[in-house]
Amino acid sequence: MEAAAEAPGALSCFSYNQDCTSLAIGTTTGYRLFSLSSVEQLDQVHESNEIPDVYIVERLFSSSLVVVVSHAKPQQMNVYHFKKGTEICNYSYSSKILSIRLNRQRLVVCLEESIYIHNIKDMKLLKTIMDTPPNTTGLCALSINHANSYLAYPGSATSGEIALYDGNTLKTACAIPAHDGPLAALAFNSTGSKLASASEKGTVIRVFSIPGGQKLYEFRRGMKRYVNISSLVFSMDSQFLCASSNTETVHIFKLEHLTDSRPEEPPTWSGYMGKMFQAATNYLPAQVSGMMSQDRAFATVRLNISGQRNICALSTIQKLPRLLVTTSDGHLYIYNLDPQDGGECVLIKNHSLLGSGKMEENKENDLQPPVPQSYAATVARQSTVPSTSTMPGYSEDGGALRGEVIPEHEFATGPVCLDDENEFPPIILCRGGQPGKAKRS
């Protein structure tokens, strides 16, 4: 979900956190973090100008953990505790880092032909997946549900095969023949039970069950032209799937199965023709009948811009479902989404991300619990919304699933302390680096 800067003043990268409650942007001068708790006011949580030319910045849920990669050192990943202003560690790799994904158990680093899986509580390297098919964009997706930590990435450079890997057991799960052409986008739902994909053509989006890989849904984004899908994301309750591209249209699909229990339609001409059309699909080639039966968009947005890189998120803000669109020219657009009737989404706010911004770090500190004293506790930090076993969706509690909290007993005995410099000094984790750099034992 990162984007390259295309013009002076443009964002070099931008990404939402795992539960779409925070937005991170990278610029030529550093990076900024914003809270997405309000429609009218965009609260800047943190700003750093210590690292220039940031092209990857990822925040772990609403914790103080942020991962940054700069064009100045494209082979080095830096992990920070931004509220304390300290570097937790950095790690160097054999080639340019293309993308980073993280949840409360795993941190995944994707290079062009290899993937590194770290244990996020101590940054120990658990697995290196070598000789992956050439992946020039760093396309991969990690389930935010740490109970499974499924990882998806292209299984082929020429076809749309998805390789599914279990990040917890560190074993290959399955291969999914998703598309004919190479993959362009991948996204898990919040529980890691569904995986959405799109190919480089961008005309068809498919949703598969995980870990079985059975096709559940197939949506047609359009037939007139091929597009580059830049963003694919589920709502936190898995009811909706949003896709944006290099065109001006954003599509939102509703994941629901039509049942045969619907009331019988009145004997009208249109109803008769509908039944005839449905019956005719049984006699057509599978490719044609499949095209006819594909569901189209439940809701859409027509952006005022076209050709710019953008990413989308479906979130609940102030108890209502919203569509968020961040564009590479430095704007955040917020739309209302009607979860019952769909249709054209209504723009309600446009925020500039490159302005001076109002610093609201103290405000967020007031809303959040005290900063944990250990790195493990920072990773497993509990949010202000209690964790539940059910998906809140668009409920009265706000509907933001912040992820389950890992019980303290799941971490290693005596977790390293960020405050104890003797126990956990600033470290440099290096792979194939220069002499003199020490790897923590």
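The values are calculated or read from the model by the stated rules, or taken from the named source; none is laboratory data. Remember, it's a predicted structure, so these values are computed and weren't measured experimentally. All Cβ positions, even for glycine, are placed from backbone atoms using ideal geometry, and neighbour counts span all protein chains on display. SASA here: full protein model, heavy atoms, side chains in, ligands and nucleic acids out. Shrake-Rupley method; radii C 1.70, N 1.55, O 1.52, S 1.80 Å.
Taking only the alpha carbons of the stretch 1-145, what extent do you get along each of the three principal axes, in Å, biggest first?
So the three principal-axis extents are 47, 34, 26 Å.
Quick one: which residues, 5 or more positions from Arg106 or on another chain, have an amide H under 5 Å from its amide H? H modelled 1.01 Å from N in the peptide plane, none for Pro or chain starts.
Distant-sequence amide H within range of Arg106: Ile120.
How about the stretch 72-134: which GluC sites (Glu not before Pro) there lie in a loop by DSSP and see at most 13 other Cβ atoms within 10 Å?
Hits after loop and neighbour filter: nothing returned.
Mind listing the long-range amide H neighbours of Ile162? Cut-off is under 5 Å, sequence gap 5 or more, other chains count too, H placed in the peptide plane at 1.01 Å from N.
Residues meeting the criterion, in which the H sits 1.01 Å from N, are Gly155, Ile176, Ala178.
Roughly how many Å² is the accessible area per residue of the stretch 177-225, as a whole number, for a 1.4 Å probe?
39
How big is the shadow of the Cα convex hull of the stretch 121-209, averaged over all directions, in nm²? Intermediate values should be presented prior to the final figure.
On the way: hull surface 23.6 nm².
Result: a mean projected hull area of 5.9 nm².
Taking the Cα atoms of the stretch 152-252, report the difference between the largest and smallest coordinate on each principal axis, in whole Å and largest first.
41, 33, 19
To the nearest µm²/s, what D does Stokes-Einstein give for the stretch 112-166 at 4 °C and 1.567 mPa s, using the Kirkwood radius over alpha carbon pairs as Rh?
Numbers: Rh = 12.0 Å.
Roughly 108 µm²/s, to the nearest whole number.
Stokes-Einstein D for the stretch 169-213 at 37 °C, 0.692 mPa s, Kirkwood Rh over Cα pairs, in µm²/s?
Values: Rh = 11.2 Å.
In µm²/s, the coefficient rounds to 293.
Using every pair of alpha-carbon atoms in the stretch 304-354, split the distances into 5 Å bins beginning at 0 and state the percent of pairs per bin, rounded to integers.
Per 5 Å bin, starting at zero, the Cα-Cα P(r) for the stretch 304-354 comes out as 5, 20, 29, 25, 14, 6, 1 percent.
Using amide H atoms built 1.01 Å from N in the peptide plane, name the residues 5+ places from Arg221, or on other chains, whose amide H lies under 5 Å from its own.
Result for Arg221 returns Val204, Ile205.
What is the distance, in nm, between label points placed 7 Å from the Cα along the Cα-to-Cβ direction at Asp180 and at Thr136?
Here the modelled spin labels are 2.2 nm apart.
Describe numerically, in nm with one decimal, the distance between label points set 7 Å from Cα along Cα→Cβ at Ser114 and at Asp166.
2.5
Please work out the average accessible area per residue across the stretch 65-164, using the 1.4 Å probe convention, and give it in Å².
31
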